[in-house]
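The values are calculated or read from the model by the stated rules, or taken from the named source; none is laboratory data. Note that this is a predicted model, so its numbers are computed, not measured. Cβ sites come from the backbone with ideal geometry, for glycine too, and all protein chains shown count toward neighbours. Ligands, DNA and RNA are stripped out before the accessible areas are found, and what is left, the full protein with its side chains, is counted by its heavy atoms. Shrake-Rupley method; radii C 1.70, N 1.55, O 1.52, S 1.80 Å.
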Amino acid sequence: VSMLVNERFTSNSTSDLRPEALDAFIKRSVESASYLEPDPERAQPPGEDCGRGVTEEQLDQDDPAWSTRTADDRSNFAEAIENAIRDLHEDDVISSAAYSSDGRAEAVRVMSNGFCGETSGAWFAVGGEMTLQEGEKRPESSAYFAARHHADLPSIDHIAAEVVRRTRERIGAGPIDSGTYPMILENRVAPRLLGVLGSAMSGGALHQGRSFLVGKLGQRIGSDLLNIVDDPTISRGLGSRPWDGDALRSRRRVIIEKGVLQSYNIDTYHARKMGVQATSGGRSNWILPTGDQSWAEIAKPWPKASLVTGFLGGNANGTTGDFSFGIRGVLIENGVPTQSLAEMNVSGNAAEVFNRLVALGNDPWQYSSCASPAMIFEDVSFSGN
């Protein structure tokens, strides 16, 4: 329960749902607010702005197959994936594993401004991992997929093949010379770099001056190819929702259009603090347009390019936009993979790198809330040997 008591905001939770326990819990919650400082900007949005922006039927998040699945169904599914991976074993395999998980949630939200709503949804996740023997090295990798409906997951054979492909791609991994190369961000890892933009768009970061996007609304922050739409109304979308974190109606918003920043993600609380209009209580599904060629076709004219297939640690400074990430990847020469990359970092500034976006692949990643294709940048700094 979240409540405002004399301009003091408090939020508390309990797992004891007995009526007599709830009475005492609410009383303690009210009393606890008296110890807090007043926060005049903390208030509920107008009731007329709250509600459902899209129907449950349109969202289609509640897969009826979830309620019929048994423990045996779940274990058999995971075992089938493991067996499919084992069928692809070679003599250098040390170990492999498969995993499957799913869940379903129902939520009811009631607010004193008159809003009352309920929603439900299921999710499914599946993947596997493998470790190889390569001298004293142990190359390893994994593949992971998620969906709202079980039928939307890839086939068992596809999952197994991806686990093996991504692991064998790690054989012979090592650094190349430090330098500036074209960077191909694999579709499934592009959200990591896009996240540098997303975190800088939040109301909290903007209000506290922790964002390199302060004052950039209506200005160019990327090349003409950078287009992002936030759409919480997509059927079966992993980030879809009928309302946002403030219970404001979900709606499709253009975030970046032809490189120009069109909208922030500002919740009602920080909007009041900043004296601006609230836009959204957090991001939902991010949709990027796709190109008409694969990244391999795009990279054919380049003598060398770095395909980034994974990030290892690193950090990003939301105030400046600077970032430095460890990477896994593959050296691409004239569109052909020639060497696995490791022990390397990619670094730069988000405000500069997104202006170097020169192409988009034709392969949007459908198994997360960020449907990005491969993103191709020119002149990105890599450190290696």
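Before moving on, here are some points about what is shown:
- For the range 115-159, the set of residues classified as aliphatic (A, V, I, L, M), in a strand (DSSP E or B) and either open to solvent by 30 Å² or more (accessible area, probe 1.4 Å) or farther than 21 Å from Gly53 by Cα (or both) consists of Ala125, Val126, Met130, Leu132, Ala143, Ala146, Ala147, listed by residue number.
- Restricting attention to the range 42-70 and to residues that are among the charged types (D, E, K, R) and open to solvent by 60 Å² or more (accessible area, probe 1.4 Å), the residue that is nearest to Lys273 (Cα to Cα) turns out to be Arg42.
- Scan of the range 248-280 for residues that are more than 21 Å from Ala350 (Cβ to Cβ), out of contact with any helix residue (DSSP H, G or I) (no Cβ under 7 Å at 6 or more places or on another chain) and assigned to a loop (DSSP other than H, G, I, E, B), ordered by number: Ser250, Arg251, Arg252, Gly275, Val276
- The C-beta contact set for the range 367-385 (first residue open to solvent by 40 Å² or more (accessible area, probe 1.4 Å), second residue of a type in the set (Asp, Glu), distance under 7 angstrom, 6+ apart or interchain) comprises Asn385/Asp177.
- Restricting the range 6-27 to residues that are assigned to a helix (DSSP H, G or I) and under 37 Å from the mean Cα position of the chain (by Cα) leaves a set whose member that is nearest to Gln44 (Cα to Cα) is Ile26.
- Candidate set: the range 28-41, residues that are part of a helix (DSSP H, G or I) and out of contact with any Phe, Trp or Tyr (no Cβ under 8 Å at 6 or more places or on another chain); chosen: the one least open to solvent (accessible area, probe 1.4 Å): Ser29
- Screening the range 233-247 for residues that are among the hydrophobic types (A, V, I, L, M, F, W, C) and in a loop (DSSP other than H, G, I, E, B) and picking the one that is farthest from Asp62 (Cα to Cα) gives Ala247.
- Listed conditions (1) at positive phi; (2) among the small types (Gly, Ala, Ser); (3) surrounded by 21 or more Cβ atoms within 10 Å (Cβ to Cβ) are all met by Ser284, apart from (1).
- Taking first residues from the range 86-114 that are without any contact (Cβ under 8 Å) to a residue 12 or more places away in the chain and under 30 Å from Cys50 (Cβ atoms) and partners that are open to solvent by 60 Å² or more (accessible area, probe 1.4 Å) and acidic (Asp, Glu), the Cβ contacts under 8 Å between residues at least 6 apart in sequence or on separate chains come to Val108/Glu118.
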